Structures are given as C-alpha cells and as structure tokens.
1. Based on the inverse mean of 1/r over its pairs of different Cα atoms, what is the Kirkwood hydrodynamic radius of region 52-193, in Å?
2. Would you work out the relative contact order for region 1-125, in percent, from Cα pairs under 8 angstrom that are 6 or more residues apart?
3. Treat region 80-140 as a sphere of radius equal to its Kirkwood radius over Cα pairs and apply Stokes-Einstein at 4 °C in a medium of 1.567 mPa s; give the translational diffusion coefficient in µm²/s, rounded to a whole number.
4. If you count, for each residue, the other Cβ atoms within 10 Å and average over each peptide, how do 255-263, 5-13 line up from highest to lowest?
5. Tell me, what is the Rg over Rh of region 191-284, with Rh the Kirkwood radius over Cα pairs?
6. Return an integer: the convex hull volume of the alpha-carbon atoms of region 110-220, in Å³ per residue.
7. With a probe of 1.4 Å, find how much accessible area region 245-287 has per residue, and write the answer as a whole number in Å².
8. Using a 7 Å offset from the Cα along the Cα-to-Cβ direction at both E27 and N243, what is the distance between the two label points in nm, to one decimal?
Amino acid sequence: MKVFVAKDAGYCFGVRDAVNLAYKTTEKYGNVYMLGDIVHNENVVKDLNESGTKVVQTLDEIPKTEPVLFRAHGTTTGVWEKAKEKQMNIIDATCPLVREIHDEVIKLEQEGRRIIVIGDHGHDEVVGITSQIKDSIVVESPEEAEGLRKMKKAGVVSQSTQTIENVQNIINILMTKVFDLRFVNTICFPTKRNQDQIKQLAEICDVMLIIGSFTSANSKRLAQLSKERNINSHQITCAKDINSKWFDRATSVGISAGASTPDNLIEEVVKCVNNLNPEKEKELIYG
C-alpha cells in the first residue's frame, strides 16, 4: 500500500508564526492572554494552555501588566483601538495575508463600492474583515448570493480559506447582480496549494485522510473537497480516529490536513497508517 502525504498539509505560515509567537511570548513574560483560541484545534490549544496562554473574552479581563496576543485570524478595529487606549502590551500575530485583505476592503470602500465578503458568518477572520469598513454584506453560499438585490457598484473579497469552487460560484451570480463589479482574489496561496493537492490525491488514491478539528471550517471544507471526488474520504482529528477497516483492499492512501493542524499530529497519522501497511513502504511526499 502506497502512502502519499500532501506536501502542503497542515500549518500554513501564518498559523505557524502565530503559534510560535505565542510560545515565545510565554517564555519571555511567563504567560500571554488571547481573545479566544489561537487556532481551531483542540490539541494546539491544550498545549498552549499548559505553556502559559490564557483565553479570555474581553480586554477588561487582562491585567494591565500582562501582554495580549492578537491572533492570526485578525482582530476588529474596535478591539485594537481599545487596547491602544488602555496602553496594553500588544503582541500582533495577525497573518500578513489577512492584513492584506483588511487593506483591500478599505481601498474598495474608498472607490465608493459596497463591500461583499465571501465567507462564513461569524468566523473570526470574517468579523475582523468587516470591521474595517462601515457597511458590508457577508455571503456564505450561492443561495445567499441569489437573494441579493441588484446594485450599481460593489467590491468583493473572500475569507482567505474559502474553496475556489465556492468563490467562483458566488462570483458568477454576483456578475448578474452588480453593474460595476471588482473582485480581489484573497484566497491565500497556501490554501490554494493544499486544495489542489487534495483534489489530485483524491482522484488517484483509494482512501483519503484529512486531519483537522471539526471546529475548523478550513478542515471541514478540505474534507468536503476530498469527499466530492472520493467517497472513501475521512476527516479525523488524530491517529486514534483511524479505523483499520477503511484500508481493506486499498492499495494507496492520501493524507493531508487543515491549516490549523500541527506537524506532530500529521506524523502520528502517517506512522499509524504505515503500521497498518504490510509492505512497509516509505511514504511519498505529494506536490
């Protein structure tokens, strides 16, 4: 049985940098506070909590002398302003690509365009994007796009981890709704690479494993992409979720992971699958 591991599986650089920055901050200050979990992965959150990170709901819960880390997903302008007013020690872990989306929506608004954000309602990144401008519309699906009224001028961006297919489908509909439409493709390139590798692996492998928390919208989207191409696709959180029966008569297995999945979980899954592999072939890196 051949085992293929997607080259770009797991942490994107933005998440990796944010997690590393959280560890470095706890080493320097003893602990660090965050407004919500740094990533949507229970294992990462648990490890960080043990190292000294503390999750709170508001800035008022943070002692004046303690640092606050703003996560990779981005932070609302209101929270930024309040933290500066309180003269807090801000550790900025915002992903550079998310920050670019913030800049883009501001530019689009300055052009007099109504802002449309393709993304998940209530997702931290989407909330941060929409806070950059006065008025916006969040569209999650083609069905929601169909319900929009026609408008003269609009600017469109997307949540960085959206699937290309969903964005394309929504844009096709918006083209019938908006006279002057400007779309800025803000799906991040690590997401694009991971999606492409999963699509390709799902076509050539008998079984697919997508590693990621079920609280992660990114991981669930990747699993769905795989499932659409290979019915024998399974989303798992870690090696313990693997069922050996999935591999009966399988000659090839593809493995990938969401952007919030750490390297050690991927390594454990690969090791588990190799232990089920009677031929003991070395796994192949795909991509």
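The values are calculated or read from the model by the stated rules, or taken from the named source; none is laboratory data. As the structure is a prediction and not an experimental result, all values here were calculated from the model. Virtual Cβ from ideal backbone geometry, glycine too; neighbours counted across all protein chains shown. These accessible areas exclude ligands, DNA and RNA; they are computed on the full protein's heavy atoms, side chains included. Shrake-Rupley method; radii C 1.70, N 1.55, O 1.52, S 1.80 Å.
1. Here the Kirkwood hydrodynamic radius works out to 16.2 Å.
2. Taking the mean separation of contacting Cα pairs over the length of region 1-125, I get 24 percent.
3. 102
4. Top to bottom by mean Cβ count within 10 Å: 255-263, 5-13.
5. Using only Cα positions, Rg/Rh for region 191-284 is 0.93.
6. Residue-normalised Cα hull volume stands at 115 Å³.
7. On a per-residue basis, region 245-287 sits at 56 Å².
8. 4.2
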